[in-house]
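S.K.: Take this structure, written in structure tokens, and hold onto it; I'll ask about it next.
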């Protein structure tokens, strides 16, 4: 259902970046693997199914072997959180980073590791960083996992710092990614502080369907989970300054950890009341319209791969994904020939003459 | 080295993985290093690539900078898409903005 919902919306520009292995904004691990298999259009649904399954099955990391009634509530809190429902089937890096957060939060509860196990944790940390830059926000969790291990400090520095150093090295090989980060950083400069606060709080409560978000944060503060709060704080600051709706899923693993601390304090009748509230709140989630301009426009074009389509106006990478022909960008100095034209802005008669 | 010996040295395995990654990345960084050191060169490269992309209708993310010197920029142009297409290598001379094909 989650994959089907996202598939109905179609590929968005950020998803197209990963499916087409476009070298920004994120490091190459996940997008390279996706691009190897993205050629047939039907693979889109398979990827969505994979991402949705990964997020849904992540619930097992939160459940205890005992206390089955509580497990049902925790599972419901995860599966009925707004961001999980709205994003689980999206082909984005945020769900993958959320999954990394789930794993690190689970590892944080383990008491002891062998060095071999810690090496595997370090490799997972390396992979998380090379999937998405935002995984760096999970650094407090990783630091504490290794700090508690009592390895010599120099080994801890290598296991934690080595992957970060490799990420910095990778970033230097990709000046376009650096430039796009700087562009994004300045993008929201005109938005006032209070508007940013409003957007942030809206996303904060939406991501946890109101109830999970509120109880999660109260639970984290009540249980004095400072490491988790520190990582959550980093994520919150990041989301505040570089706001995107799909970052909401990064909050949810922390909400669930907080809820696990808070739920035992409530009476069973209140807990079940929360469960029913979650079920009711689902209908108020802002589900996206099931239309996609690029997909709907290009569905009937039968241009060969060596042909050119000129797009007038601002457009995203989903046009490159859905088109078999080459997508060209119109500008005042553009003089090349083209075989078809798409007018997202007003097209001059000169451009339209003799074209379809 | 036996499997048992390898299994007892997790740090060496980890460092080997980092070494392999660095082996791939460091030469690329060296070829792009002037771009980070000289802001004037950075602006020239940005101007040349933007102007070229505007002239040919290219999307900037289809360009991948491979080598930068004070005289020229080498980049690869590849139309991203589900259909696999050949990429093309070009050199831009910063002095006169001339474009010449190169071998990848």
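The values are calculated or read from the model by the stated rules, or taken from the named source; none is laboratory data. Being a predicted model, the structure only gives us computed values, none of them experimental. With ideal geometry, Cβ positions are generated from the backbone for all residues, glycine too; neighbour counts draw on all protein chains shown.
S.K.: Just checking, does the range B:65-74 include any residue being within 8 Å of another protein chain (Cβ to nearest Cβ) and closer than 29 Å to residue A:331 by Cα?
M.R.: Among the residues of the range B:65-74, at least one is within 8 Å of another protein chain (Cβ to nearest Cβ) and closer than 29 Å to residue A:331 by Cα, which makes the answer yes.
S.K.: In the range A:102-117, what residues are within 14 Å of chain B (Cβ to nearest Cβ) and surrounded by 18 or more Cβ atoms within 10 Å (Cβ to Cβ)?
M.R.: A:113
S.K.: Considering every residue within the range A:121-135, establish whether at least one is surrounded by fewer than 19 Cβ atoms within 10 Å (Cβ to Cβ), at pLDDT below 95, in contact with a helix residue (DSSP H, G or I) (Cβ under 8 Å, 6 or more places away or on another chain) and within 10 Å of chain B (Cβ to nearest Cβ).
M.R.: Scanning the range A:121-135, I find no residue that is surrounded by fewer than 19 Cβ atoms within 10 Å (Cβ to Cβ), at pLDDT below 95, in contact with a helix residue (DSSP H, G or I) (Cβ under 8 Å, 6 or more places away or on another chain) and within 10 Å of chain B (Cβ to nearest Cβ), so the answer is no.
S.K.: From the list A:64, A:21, which one is assigned to a loop (DSSP other than H, G, I, E, B), within 11 Å of chain B (Cβ to nearest Cβ) and surrounded by fewer than 20 Cβ atoms within 10 Å (Cβ to Cβ)?
M.R.: Sole residue among the options that is assigned to a loop (DSSP other than H, G, I, E, B), within 11 Å of chain B (Cβ to nearest Cβ) and surrounded by fewer than 20 Cβ atoms within 10 Å (Cβ to Cβ): A:21.
S.K.: Within the range A:241-256, which residues are more than 15 Å from the chain's Cα centre (by Cα) and at pLDDT below 95?
M.R.: Correct list: A:241 only.
S.K.: Another one. For residue A:36, state whether it is under 30 Å from residue A:297 (Cβ atoms) and free of Cβ contacts under 8 Å to residues at least 24 places away in the same chain.
M.R.: Yes; evaluated as a whole, the condition is true for this residue.
S.K.: Check every one of the helices (runs of 4 or more DSSP H) wholly within the range A:263-332 and list those with 3 or more residues that are surrounded by fewer than 14 Cβ atoms within 10 Å (Cβ to Cβ) and not assigned by TED's automatic domain parsing to the domain that holds residue A:343.
M.R.: In the range A:263-332, A:268-281 are the helices (runs of 4 or more DSSP H) which contain 3 or more residues that are surrounded by fewer than 14 Cβ atoms within 10 Å (Cβ to Cβ) and not assigned by TED's automatic domain parsing to the domain that holds residue A:343.
Okay, residues lined up against (1) surrounded by 17 or more Cβ atoms within 10 Å (Cβ to Cβ); (2) modelled with pLDDT of 95 or more; (3) more than 8 Å from chain A (Cβ to nearest Cβ); (4) more than 30 Å from residue A:40 (Cα to Cα):
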site	(1), (2), (3), (4)
B:13	no, no, no, yes
B:34	no, no, yes, yes
B:39	no, no, yes, yes
B:44	yes, no, yes, yes
B:49	yes, no, yes, yes
B:80	yes, no, no, no
B:101	no, no, yes, yes
